[in-house]
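Working notes for the structure below.
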Amino acid sequence: MNEHDHSGPGEQAQRAAEYERWLSAASLSARGIRWWMGPLGQWFANAPLYRLKANLKLDQTVRLLDIGVGRGTVMRMLDDTLECDRAPVGLDASRAILRQAAADEDNPQRGAGLVQGSATALPFANDTFNLVLCGHLVKHLDDDDVRALFIEVRRVLEPGGLALVWEFGPTGYRPLDAWNARTLATGVRRPRLRSTKTLRRLAEESGFTFTRDADLRPFLLPPIPRASILIGKRPDEG
Ligand SMILES: C[S@@+](CC[C@H](N)C(=O)[O-])C[C@H]1O[C@@H](n2cnc3c(N)ncnc32)[C@H](O)[C@@H]1O
């Protein structure tokens with residue numbers, strides 16, 4: 001699928017249901033995705049996130065929301081590294097992966113919030129977080145739902161807050177992109193590969209006035225390029 005592909009209503013719910021089945025299955029690919037979201041897999045899947053503290057000059061005042069949190073590996077890594085004053089919150093549509101995230105938690109006293117919900121209808125009050133992460137999720141949303149996600153992210157971000165969004169992107173070579181899309185559709189159908197430029201445009205259409213190419217790299221597994229954007233609500237924005 002390419003970045004001009006559109007689909008009908010209800011597709012987001014279908015993709016979430018596919019994730020739920022895939023993430024709780026016993027197949028080889030299901031084991032693979034669960035490993036990829038786990039402590040070792042995330043070094044290969046999300047390597048640039050392990051440098052986020054230095055890159056964004058983050059400290060313990062971070063109030064973190066991770067949308068599409070999976071097993072919560074990146075969320076916990078950041079919470080441990082930053083020693084956040086407030087426990088982070090991770091949201092995911094899949095109950096199966098949230099059960100796994102809870103089982104992975106080695107410090108239940110920390111009280112990290114794991115919330116089942118939709119990326120496009122966040123169950124949080126306005127201005128609740130100052131850092132939002134959303135990794136490897138937007139390929140499952142059509143353009144209208146990506147805009148709905150960005151509008152929600154902007155709503156829950158406090159003024160001065162930042163959000164980092166990254167996803168598999170196109171290479172610019174159609175046959176390879178078709179191959180990559182097929183690979184990514186193993187457990188969940190119809191992934192959309194959008195460029196950084198397209199993600200920035202969708203963020204701007206959703207009200208973000210600060211958008212940048214986050215240029216996150218390297219991502220090692222799978223060896224498919226990523227698009228990544230850093231977007232923010234300016235301190236004087238309501
Ligand atoms: C490929 S995993 C990415 C996990 C982690 N963020 C990472 O980068 O490794 C995508 C996650 O997003 C969740 N997800 C997919 N669509 C969603 C939606 N519309 N709302 C909330 N979560 C969703 C899936 O259940 C899955 O756990």
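The values are calculated or read from the model by the stated rules, or taken from the named source; none is laboratory data. Remember, predicted model here, so these are calculated numbers, not experimental data. So basically every Cβ, Gly included, is an ideal-geometry build from the backbone, and we count neighbours across all protein chains shown. The accessibility values were calculated without ligands, DNA or RNA, using every heavy atom of the protein model including side chains. Shrake-Rupley method; radii C 1.70, N 1.55, O 1.52, S 1.80 Å.
Output the peptides 28-41, 188-201 sorted from most to least packed, where packing is the average of other Cβ atoms within 10 Å over each peptide's residues. All intermediate terms of the calculation are to be shown ahead of the outcome.
Working: 28-41: 15.5, 188-201: 19.8.
My ranking of the peptides, most packed first, is 188-201, 28-41.
Taking springs between alpha-carbon atoms closer than 10 angstrom, which of 20, 205, 167 fluctuates most in the Gaussian network model of the chain?
Highest fluctuation of the listed residues: 205.
Over segment 81-199, with the other protein chains present, what is the accessible area per residue in square angstrom, probe 1.4 angstrom?
Details: 5090 Å² over 119 residues.
Per residue, segment 81-199 has 43 Å² of solvent-accessible surface.
In whole angstrom, how long is each semi-axis of the equivalent ellipsoid of segment 140-237, when you take the square root of 5 times every eigenvalue of its Cα gyration tensor and sort them from largest down?
27, 14, 11
State to the nearest 20 debye the size of the charge dipole of the chain about its Cα centre, where the only charges are +1 on K and R beta carbons and -1 on D and E beta carbons. Before the final figure, lay out the partial values.
Details: 32 positive and 30 negative charges, 124 e Å.
Using only the charged Cβ atoms, the result is roughly 600 debye.
Please check: in the Gaussian network model of the chain (C-alpha springs, under 10 Å), which one of 46, 180, 107 has the largest mean-square fluctuation.
107
With 13 Å as the cut-off, how large is the P(r) tail for segment 54-101, expressed as percent of Cα-Cα pairs?
Numbers: 611 of 1128 pairs.
The calculated P(r) of segment 54-101 puts 54 percent of pairs beyond 13 Å.
Tell me the mean residue ellipticity at 222 nm calculated for the chain from its helices only (DSSP H runs of n ≥ 4, each -39500 (n - 2.57), averaged over every residue, nearest 500).
Values: 9 runs with 87 residues, N = 238.
That comes out to -10500 deg cm²/dmol.
Net charge near residue 237, counting Lys/Arg +1 and Asp/Glu -1 over other residues with Cβ under 15 Å of its Cβ?
Numbers: positive: 154, 155, 233, 234; negative: 127, 158, 204, 236.
Taking every Cβ under 15 Å from that of residue 237, the sum is 0.
Compute the distance from the alpha-carbon center of segment 164-238 to that of segment 46-88, in whole Å.
Each part's Cα centre sits 20 Å from the other's.
Averaged over every viewing direction, what's the projected area of the C-alpha convex hull for segment 189-238? Give it in nm², one decimal, please.
Projected area, direction-averaged: 4.7 nm².
Would you kindly work out the equivalent ellipsoid of segment 100-196 from its C-alpha gyration tensor and give its semi-axes, the square roots of five times the eigenvalues, largest first in whole Å?
Numbers: eigenvalues 160, 70, 28 Å².
Each semi-axis is the square root of five times an eigenvalue, giving 28, 19, 12 Å.
Diagonalise the Cα gyration tensor of the chain and give the resulting equivalent ellipsoid semi-axes, square root of 5 times each eigenvalue, largest first, whole Å. Walk me through the intermediate numbers first.
Values: eigenvalues 120, 96, 59 Å².
Each semi-axis is the square root of five times an eigenvalue, giving 24, 22, 17 Å.
Given a 1.4 angstrom probe, I'd like the percentage of the accessible area of segment 63-169 that is carbon and sulfur, rounded to a whole number. Walk me through the numbers before you get to the answer.
On the way: 1720 of 3740 Å².
It is 46 percent, rounded to a whole number.
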